[in-house]
Amino acid sequence: MTYVVGAWNAVCDRCGFEFKNYELQKEWTGLRVCGKCFEVRHPQDFVRGKADRQAPAWVRPETDGTDVSVGSGNEVNAGDL
């Protein structure tokens, strides 16, 4: 092994073996790992959710709260129209 200026011994965060600092790579997890332990981030981690429309396709308008059931005195008769 040849001498490299600025190189030092470093330990792989995953396997614990000793390597030179330039042999380690920073992984997406933030760990410094050797080439054998290096894993690529899975593409499924980058999938974004699609917005889901919660409202139904059509609805009836809100009522004003008036009770128009039979016997309430507020019902609409055919003769009143």
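The values are calculated or read from the model by the stated rules, or taken from the named source; none is laboratory data. Note that the structure is predicted; figures quoted are calculated from it, not measured. We place every Cβ from the backbone using ideal geometry, glycine too, and count neighbours over all the protein chains shown.
Of these, ASP52, ASP13, ASP45, ASP64, which one is surrounded by 10 or more Cβ atoms within 10 Å (Cβ to Cβ), among the charged types (D, E, K, R) and either at pLDDT 80 or above or not in a strand (DSSP E or B) (or both)? Walk me through how you get there before you give the answer.
Numbers: ASP52 fails: surrounded by 10 or more Cβ atoms within 10 Å (Cβ to Cβ); ASP45 fails: surrounded by 10 or more Cβ atoms within 10 Å (Cβ to Cβ); ASP64 fails: surrounded by 10 or more Cβ atoms within 10 Å (Cβ to Cβ).
Of ASP52, ASP13, ASP45, ASP64, the one residue that is surrounded by 10 or more Cβ atoms within 10 Å (Cβ to Cβ), among the charged types (D, E, K, R) and either at pLDDT 80 or above or not in a strand (DSSP E or B) (or both) is ASP13.
Within the group ARG32, ARG41, ARG53, which residue is of a type in the set (Lys, Arg) and free of Cβ contacts under 8 Å to residues at least 12 places away in the same chain?
Details: ARG32 fails: free of Cβ contacts under 8 Å to residues at least 12 places away in the same chain; ARG41 fails: free of Cβ contacts under 8 Å to residues at least 12 places away in the same chain.
Criteria check complete, one pass: ARG53.
Of all residues in the stretch 30-42, those satisfying the criterion of being of a type outside the set (Val, Ile, Thr) and exposed (fewer than 11 other Cβ atoms within 10 Å of the Cβ) are GLY30, GLY35, LYS36, ARG41, HIS42. Among the criteria (1) at pLDDT below 70; (2) surrounded by fewer than 10 Cβ atoms within 10 Å (Cβ to Cβ); (3) of a type outside the set (Lys, Arg), the one GLU75 does not fulfil is (2).
Check the stretch 20-29 and report whether any residue there is part of a loop (DSSP other than H, G, I, E, B), on the phi < 0 side of the Ramachandran plot and exposed (fewer than 10 other Cβ atoms within 10 Å of the Cβ). Even if it seems obvious, please write down each step before you answer.
Of all residues in the stretch 20-29, those part of a loop (DSSP other than H, G, I, E, B) come to 24, 27-29.
From the residues that got through so far, the ones that are on the phi < 0 side of the Ramachandran plot too are 24, 27-29.
Going one step further and asking which of them are exposed (fewer than 10 other Cβ atoms within 10 Å of the Cβ), we end up with none.
Looking for residues that are part of a loop (DSSP other than H, G, I, E, B), on the phi < 0 side of the Ramachandran plot and exposed (fewer than 10 other Cβ atoms within 10 Å of the Cβ), one finds none in the stretch 20-29, hence no.
Residues of the stretch 30-42 that are touching a Leu at 6+ places or on another chain (Cβ under 7 Å) and in a loop (DSSP other than H, G, I, E, B): CYS34 alone.
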